[in-house]
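Okay, so here's the structure we're looking at.
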Amino acid sequence: MLKLLAITVLLSSILEAGSASEKVEDFLKNNFSNNPSLESVNVRVINEVIVKQREEWTAYFVELDAVVKKDKRKVTQKMVWFSDGNVITKELYDIESSSNVGDLVSLPFKDEYYSKENLIYGDSNAKHKVVIFSDPLCPFCRSYVPEAINYMKKYPKKFAIYYYHFPLPSLHPAAVELVKAAVALELKGEKNVLLSLYKVEVDPREKSVDVILEKFNKTMNSNINKSDLLSKKVSQHIEHDLKVADLVMVRGTPTIFFDGDMDRTKNKYKEAK
């Protein structure tokens, strides 16, 4: 039995023509257009996923583009809405298990998102592809990521490990410069930077680039300086990682994809044959 929360509306009472995704787009566009602080509202469904074990429901991954009237600022937001073709809701809960159905759906990690620059260990033709989005100063990441990588890198024919930087500046400001330093060092030809990155001891709230680099260089036995962080190639690499994270709606760390699907258990690699 399902409980509907937040905005729940009968689509059939609003729109009677068009595909299911068009109905969702039209409804949401009309809904957000009623917000007096927004103008030039555009909504599009970027993907649809059938909810596992609730096949009457579809999760619609939606991208909203709008302009804020006050300062003409452009905003883009991705969100998930659920519909059974007649009803649309922002949140969907299973009463029996008290679970959020939103936790059962995610965007797929498409083939074009795998980049050789992000392949850190294993054969690109390995049996399984594992993707890691991580912040090196995230407490859980610091215990989970090195352990997972050290396990999988022993089996290069079984696991292709792809790593994408996803620093969380609001929580760990120091991670932004730390990640830039790691990319800069890799671009200089240094190997095995990533695992050592998780050993750098620096206050996650630190904002002094000098302090962050001092801690980084001490751990890495390197000599990365401020000018290295301003490299165009460093910026491009990090921008690429963040763009891919946005495309698959990564919101926190660590986020793991196993063979194209988000692994919320983060342990499928341990069960892989």
(Q) Rounded to the nearest 20 debye, what is the charge dipole size of the chain about its Cα centre when +1 sits on each Lys and Arg Cβ and -1 on each Asp and Glu Cβ? (A) 880
Q: Could you work out the Rg to Rh ratio of the chain, with Rh taken as the Kirkwood radius (inverse of the mean 1/r over all Cα pairs)?
A: 1.03
Q) With a ≥ b ≥ c the root eigenvalues of the C-alpha gyration tensor of segment 101-145, is it rounded (a/c under 1.5), prolate (a/b larger than b/c) or oblate? A) oblate
Q) Going toward the positive end of the dipole of segment 25-181, with +1 on Lys and Arg Cβ and -1 on Asp and Glu Cβ, which of VAL67, PRO36, TRP57 do you reach last? A) VAL67
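Rounded if a/c is under 1.5, else prolate if a/b is larger than b/c, else oblate: which is segment 42-122, with a ≥ b ≥ c the root eigenvalues of its Cα gyration tensor?
Since a/c reaches 1.5 but b/c is at least a/b, the shape of segment 42-122 is classed as oblate.
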Q: Summarise the accessible area of the chain (1.4 Å probe, protein heavy atoms) by the percent that is carbon and sulfur.
A: 48
Q | Dipole axis of the chain (+1 Lys, Arg; -1 Asp, Glu on Cβ), positive-most option in THR253, ALA175, ASN100 | A | ALA175
Q) Taking 0.36 nm per intervening residue step and subtracting the Cα-Cα distance, what contour gain separates LEU230 from ALA272 on full extension? A) 11.1 nm
Q: Filter the cross-link list LYS153/LYS268; LYS215/LYS270; LYS157/LYS199; LYS154/LYS266; LYS129/LYS191 down to pairs whose alpha-carbon distance in this structure exceeds 25 Å.
A: LYS215/LYS270; LYS157/LYS199
Q: Measure nothing but the geometry: give the 0 to 90° angle between the long axis through the Cα atoms of 139-152 and the longest principal axis through the Cα atoms of the chain, rounded to 10°.
A: 70
Q | Crossing angle, helix 232-247 versus the chain [Cα axis fit, 0-90 degrees, rounded to tens] | A | 30
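Between ASP111 and GLN53, 0.36 nm times their residue separation minus their Cα-Cα distance comes to what?
18.3 nm
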Q.
Can you tell me the length gained on complete extension of the stretch LEU171 to LYS191, counting 0.36 nm per residue apart and subtracting the Cα distance?
A. 4.4 nm
Q. What base-10 log of the normalised intensity I(q)/I(0) is obtained for segment 117-255 from the Debye formula, alpha carbons as equal point scatterers, at q = 0.14 Å⁻¹?
A. -0.61
(Q) Counting heavy atoms of the protein chains only and a 1.4 Å probe, report the per residue accessible area for segment 111-225 as a whole number of Å². (A) 49
Q: Percent of Cα-Cα pairs per 5 Å bin, from 0 to the last occupied bin, for segment 9-143, please list those.
A: 2, 8, 14, 14, 14, 14, 13, 10, 6, 3, 1
(Q) Can you give me the angle between helix 209-220 and the longest principal axis of the chain, using Cα atoms only, in degrees from 0 to 90, rounded to the nearest 10? (A) 60
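The values are calculated or read from the model by the stated rules, or taken from the named source; none is laboratory data. Since the structure is predicted, the reported quantities are computational estimates derived from the model, not experimental observations. No Cβ is skipped: glycine too gets one built from the backbone with ideal geometry, and neighbour counts run over all protein chains shown. All accessible areas refer to the heavy atoms of the entire protein, side chains included, with ligands and DNA or RNA removed. Shrake-Rupley method; radii C 1.70, N 1.55, O 1.52, S 1.80 Å.
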